[in-house]
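**Student:** This structure is in structure tokens; I'll ask about it shortly.
The values are calculated or read from the model by the stated rules, or taken from the named source; none is laboratory data. Model, not experiment: these values are computed from the prediction. Ideal geometry is used to build each Cβ from the backbone, glycine not excepted, and the neighbour counts take in all protein chains shown. These area figures cover heavy atoms from the full protein model, side chains too; ligands, DNA and RNA do not enter into them. Shrake-Rupley method; radii C 1.70, N 1.55, O 1.52, S 1.80 Å.
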Amino acid sequence: MTESTPVTILGLGAMGAGLAAALLEAGHPVTVWNRTPEKADDLVARGAVRAATVADAVVASPLVIACLLDYSVMNTLLDPVSDTLSGRDLVNLTNGTPEHARTAAAWAEGHGIRYVDGGIMATPPLIGGPDAFILYSGSQAAFDPHQATLEHLGATRYLGDDPGLAPLYDLALLTAMYGMAAGVRHAQAMISEDRAAEFSSAYLTPWLQAMAGPIAAGAAADEEGSPLGMQAVGLANIAEGARGQGVPMALFAHLLTPMRDIVAAGHDDLLPPLIKEIANA
Ligand code: FVH
């Protein structure tokens, strides 16, 4: 496939519209379909073709990208047009589980459709920029010829022919992100409103950036560099300090894992009763 491969996008939510815009920007002929057709207006003004039906959209391109709310929506839309999709390549960037992806891949194979699953590791404004990357797995025969096209959306990371791998990595990465978000929310709740903006930009962001590598490499769980006994005292202070700031206990959830590690390692004597109570809850 060449740089100007025609592409169809099914789904023009925040993400689908961003994908379509990036491909238009890169010079691809883009056909779009969305349940709410008006969402295509801006893209049509920029050169996209609005398809009246899913079948019309599918027939327009050898590469069809689905970016819908969930797999149930995708199945409902695509099953009736399986004959039209046959012989084309389907890249599904809808969020789901490994099982969803494997079921969709089996359905596609049964209809002569080459299937690649994907997990978008970016928010819509990041699409097409240097910080976006997208995980892919499934048919390599479909992925390889479209890789250059898909690179316009974000850096491509092909994980292998098991279609469940991309959603598995996607969900694992999202788990880390939501864990981080919980910690950030807790941290921000400890700081008074008049200091919040400066705290976030001047301290929180650089701190998270500096710690991301060591945490991912397992340094926080490293007994030598960060002994659990030391962490037990630190966590107790974090919890007591937060309580002193009136931070709600519900925000402690992200601290449960390290607290339980400490209890399991026999350092619970270093945890005050309040923290032990939380850790054992
Ligand atoms: N937005 C993000 O930050 C994340 C980044 C990582 C990847 N996700 C996943 O991308 C999929 C789409 O997300 P989205 O942000 O575009 O979501 P929405 O803006 O809510 O758009 C949903 C689209 O799905 C269409 N849709 C929903 N229900 C139906 C239905 N019953 N029949 C046909 N289409 C349906 C909806 O159509 P409409 O409401 O505009 O008519 C949108 O096109 C998602 O898997 C994320 O997890 C995004």
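**Student:** To the nearest 20 debye, what is the magnitude of the charge dipole of segment 108-266 about its Cα centre, counting +1 on the Cβ of each Lys and Arg and -1 on the Cβ of each Asp and Glu?
**Tutor:** 360
**Student:** Share of the chain's accessible area from carbon and sulfur, percent, 1.4 Å? Please report the intermediate quantities before stating the final value.
**Tutor:** Working: 8300 of 14120 Å².
It is 59 percent, rounded to a whole number.
**Student:** Which one of 135, 160, 187 has its Cα pushed farthest toward the positive end of the charge dipole of segment 87-190, where Lys and Arg give +1 and Asp and Glu give -1 at the Cβ?
**Tutor:** Positive-most Cα among the choices belongs to 187.
**Student:** In Å and whole numbers, how far do the C-alpha atoms of segment 60-117 stretch along each principal axis, longest first?
**Tutor:** If we take the Cα atoms of segment 60-117, the spans are 26, 20, 18 Å.
**Student:** To continue, here is another question. Normalised radius of gyration for the chain, please: alpha carbon Rg relative to 2.2 N^0.38 Å, two decimal places.
**Tutor:** Details: Rg = 23.3 Å, N = 281, 2.2 N^0.38 = 18.7 Å.
Normalised Rg, Cα atoms only: 1.24.
**Student:** Answer with one residue from 91, 11, 145: the one whose Cα lies farthest towards the positive end of the charge dipole of the chain, charges on Cβ with Lys, Arg +1 and Asp, Glu -1.
**Tutor:** Ranked along the dipole, the leading option is 11.
**Student:** While we're looking at this one, here's another question. Around residue 59, under 11 Å between beta carbons, what's the net of Lys plus Arg minus Asp minus Glu among the other residues?
**Tutor:** Values: positive: 88; negative: 56, 83.
Taking every Cβ under 11 Å from that of residue 59, the sum is -1.
**Student:** Here's another thing I want to ask about it. Highest mean first, what order results for 202-209, 182-189 on Cβ atoms within 10 Å?
**Tutor:** Answer by packing, highest mean first, reads 182-189, 202-209.
**Student:** With r defined as the distance between the Cβ atoms of residue 193 and residue 99 and R0 fixed at 41 Å, what FRET efficiency is calculated, to the nearest 0.05?
**Tutor:** Using R0 = 41 Å, I get an efficiency of 0.40.
**Student:** Let me ask something else. Accessible area per residue, 1.4 Å probe, Å², for the chain: what's the number?
**Tutor:** 50
**Student:** With all pairs of different alpha carbon atoms counted, what Kirkwood hydrodynamic radius in Å does segment 1-123 show?
**Tutor:** Hydrodynamic radius (Kirkwood, Cα only) of segment 1-123 equals 14.2 Å.
**Student:** If you line up the long axis of helix 228-244 against the longest principal axis of the chain, both from Cα atoms, how many degrees apart are they, to the nearest 10?
**Tutor:** 90
**Student:** Taking just the C-alpha trace of segment 170-279, give me its Rg and Dmax in Å.
**Tutor:** My reading of the Cα-based Rg and Dmax gives 14.4, 41 Å.
**Student:** For every other residue with a beta carbon closer than 15 angstrom to the beta carbon of residue 163, add +1 if it is Lys or Arg and -1 if Asp or Glu, then tell me the sum.
**Tutor:** Result for the local shell: -4.
**Student:** I would also like to ask the following. Any chance you could look up the accessible area of residue 136 with a 1.4 Å probe, heavy atoms only, rounded to 10 Å²?
**Tutor:** Here the accessible area works out near 0 Å².
**Student:** Can you give the Kirkwood hydrodynamic radius for segment 72-172, in Å, rounded to one decimal and based on Cα pairs? Present the calculation step by step, with values, prior to reporting the outcome.
**Tutor:** Working: mean 1/r = 0.0740 Å⁻¹.
Evaluated on segment 72-172, it is 13.5 Å.
**Student:** For the chain, give the share of DSSP beta bridges that are antiparallel, in percent and rounded to the nearest 5; count only bridges with both residues there. Could you put the intermediate results ahead of the total?
**Tutor:** Numbers: 6 of 28 bridges.
The antiparallel fraction comes to roughly 20 percent.
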